[in-house]
Amino acid sequence: MRARYIRNIHSESLHREADMAQTLSSTALYRLPWNFSDNAISWLEPTSMCNLYCDGCYRENRTNSHKTLGEIQHELDVFERLRKCDGVSIAGGEPLAHPEIPEIVRMVKRKGWKAIINSNGGLLTPELLRELKNAGVDGFTFHVDSGQNRPHWKGKSELELNVLRKQLADMLHKVGGITCSFNATVYPETLQFVPELLRWGQENIDRVHVMVFINYRMAILGKDVDFYVGDTQVHFDEMMYSKRDDHRRTDITSPEVVELIRRGEPGFAPCAYLNGTERPDTFKWLLTGRMGNAREIFGYVGPKFMEIVQTWNHLVSGKYLAYAPPAMQRRGRLYFLLAPFDAGLRGVMKRYLSALFRNPGAFFRRVHFQSVMIIQPADILETGAVNMCDGCPDITVWNDQLVWSCRMEEQMKWGQNVRMVPRRNGAEEDAQPHPVHADVE
Ligand code: SF4
């Protein structure tokens, strides 16, 4: 999912993250087994054209950038050759802008993968949804937030956008059998709304299966680092994820978001994660599984539950699980069969039974499972090293190689990821890029 670059993480936010991580132990939570060649998800971009201009988007909005079906087939073949996955995120740009999107879904399905469309939903009509359903689409991840300059919704707050989120969730619910996820970029100015968005997610737990929060990232230029390709300094200004005049924080961390959520939902308990490539104690993808209904959340599954689910799915299908079908998400009471193995589930069952005891009528209400994912994209450390997501699920294809989709603009421009070199204290940014070795001498 989607990444945004960041400015340096200085020691104070490192310490802040370390303090909060106390409440989240990377040794107690389940480290998801997803890796470079055997993952749950892969990322396909049939186009980089989009109908919106989101604040902090990582992909340049290129018109006439629709890939041909031949090019897309080739990328799917590269995935098949180099990487196992359960589902493919069909993203972009805006994938619904591609005229062949139903056929692209069929192509993904023909590979035996789940087809998940990552869309801002602006181009989705009931007719197109019906066509995609017939093509076999398994799910949608709708990117909806207040940083999108969305026509007809300009100036609407994060919470006012719940009206739009509900419209999209109802569209899918009406058709049925399609997983519905929402992702929102968490900007410093919208961080406060995360607990409310989760409450909205609970109210709609019968039709919203996943809530995703992606911490805002941006490379703020002219400050602490210079950018190099090989030994040549390069200007980073053209990168979509770079700015000079953005004074907002770009180092919100996952534990910080958890801490905020816990003010309203004290029992909120993540169960699994992906760590950083540089820092094993960072929570780059932080997964929580909560169970309940619109009235009550009975609790959170534990690490053992997630380990059993991933391991069993891999044992049976040879793949790690990305998305469970809606039919599985609304049969939460079935999960109680695993309660002997997972303390979290035992807690859910206990609270459910006491709710039943208080009100036997509750038996006729379903227990739903809903995932909450918090993503902490690339962090630039004081050394200039970049703490990426270890086991990145959003790996895409570039030049027959597998690359981080959040840094593909660098691949497109320089054929490789840039290196960041911290600037000596007080040193000014060089107007003219020049080879590294000039400095060394
Ligand atoms: S490393 Fe992968 S998962 Fe992490 S932000 Fe980048 S593309 Fe997304």
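A short reminder: the numbers here are calculations on the coordinates, not readings from a lab. Keep in mind that what you see is a predicted model, and the values were worked out from it rather than measured. Cβ: placed from backbone, ideal geometry, glycine included. Neighbour counts: every protein chain shown.
Cross-link pairs exceeding 20 Å between alpha carbons, from the set K114/K319; K133/K174; K84/K111; K114/K304; K109/K133: K114/K304.
Between T311 and R424, the distance separating the two model label sites (each 7 Å from Cα on the Cα→Cβ line) works out to 5.4 nm. Between F283 and S254, the built amide H atoms are under 5 Å apart, and every one of these is 5 or more places off in sequence or on another chain.
Taking a straight Cα-Cα cut-off under 19 Å and skipping sequence neighbours fewer than 8 places away in the same chain, the lysines within cross-link reach of K156 are K166. The distance linking segment 113-130 with segment 325-370 is 31 Å (Cα centroid to Cα centroid, whole angstrom). Using θ = phi - 60° and the Karplus relation 6.51 cos²θ - 1.76 cosθ + 1.60, list the HN-Hα couplings for segment 243-259 in order, rounded to whole Hz, with x at every Gly or Pro. Working through the residues one at a time gives 9, 10, 10, 9, 9, 6, 4, 10, 9, 4, 10, 4, x, 5, 5, 4, 4 Hz.
Among G56, G112, G177, which one shows the highest mean-square fluctuation when the chain is modelled as a Gaussian network with alpha-carbon springs under 10 Å? Ranking G56, G112, G177 by mean-square fluctuation puts G112 first. Short-range pairs are left out: with C-alpha atoms under 8 Å and at least six residues apart, the relative contact order of segment 210-268 is 36 percent.
For the chain, modelled as a Gaussian network with Cα springs under 10 Å, which listed residue fluctuates most, D245, D237, D55? Per the Cα network of the chain with a 10 Å cutoff, D245 tops the list.
Projecting the Cα atoms of L334, L274, P255 onto the charge dipole of segment 183-337 (Cβ charges, centred on the Cα centre) puts L334 farthest toward the positive pole. In order along segment 33-40, the Karplus-derived 3J(HN,Hα) couplings, from 6.51 cos²θ - 1.76 cosθ + 1.60 at θ = phi - 60°, round to x, 5, 9, 4, 10, 9, 10, 8 Hz, and Gly and Pro are given as x.
For segment 224-268, GluC sites (Glu not before Pro) are listed when DSSP marks them as loop and at most 10 other Cβ atoms sit within 10 Å of their Cβ; the list is E238.
Starting from a Cα-only point model with no solvent, please compute log10 I(q)/I(0) by Debye for segment 7-422 at q = 0.06, 0.12 1/Å. For segment 7-422, the Cα-only Debye profile gives -0.23, -1.00. Once you reduce segment 161-213 and segment 269-307 to the center of their Cα atoms, the two points are 18 Å from each other. With contacts taken as Cα pairs under 8 Å and at least 6 residues apart, segment 7-422 reaches a relative contact order of 22 percent. Note on the chain: with a GNM built from Cα contacts shorter than 10 Å, the maximum mean-square fluctuation among E409, E203, E71 falls on E71. Proximity of backbone amide H atoms, modeled 1.01 Å from N, is registered between V225 and R423 at under 5 Å, excluding neighbours fewer than 5 places apart on the same chain.
Charges were assigned to the Cβ only: +1 to each Lys and Arg, -1 to each Asp and Glu. The resulting dipole of the chain about its Cα centre is roughly 2440 debye. Straight-distance candidates among the aspartates and glutamates for linking to K284, with alpha-carbon spacing under 13 Å and chain neighbours fewer than 8 residues away dropped: E17, D251, E256, D379, D390, D394.
Residues of segment 302-327 falling in the label zone of S354, defined by backbone nitrogen less than 14 Å from a point 7 Å along Cα to beta-carbon, are absent. Fewest neighbouring Cβ atoms within 10 Å first, the residues K174, K319 line up as K174, K319.
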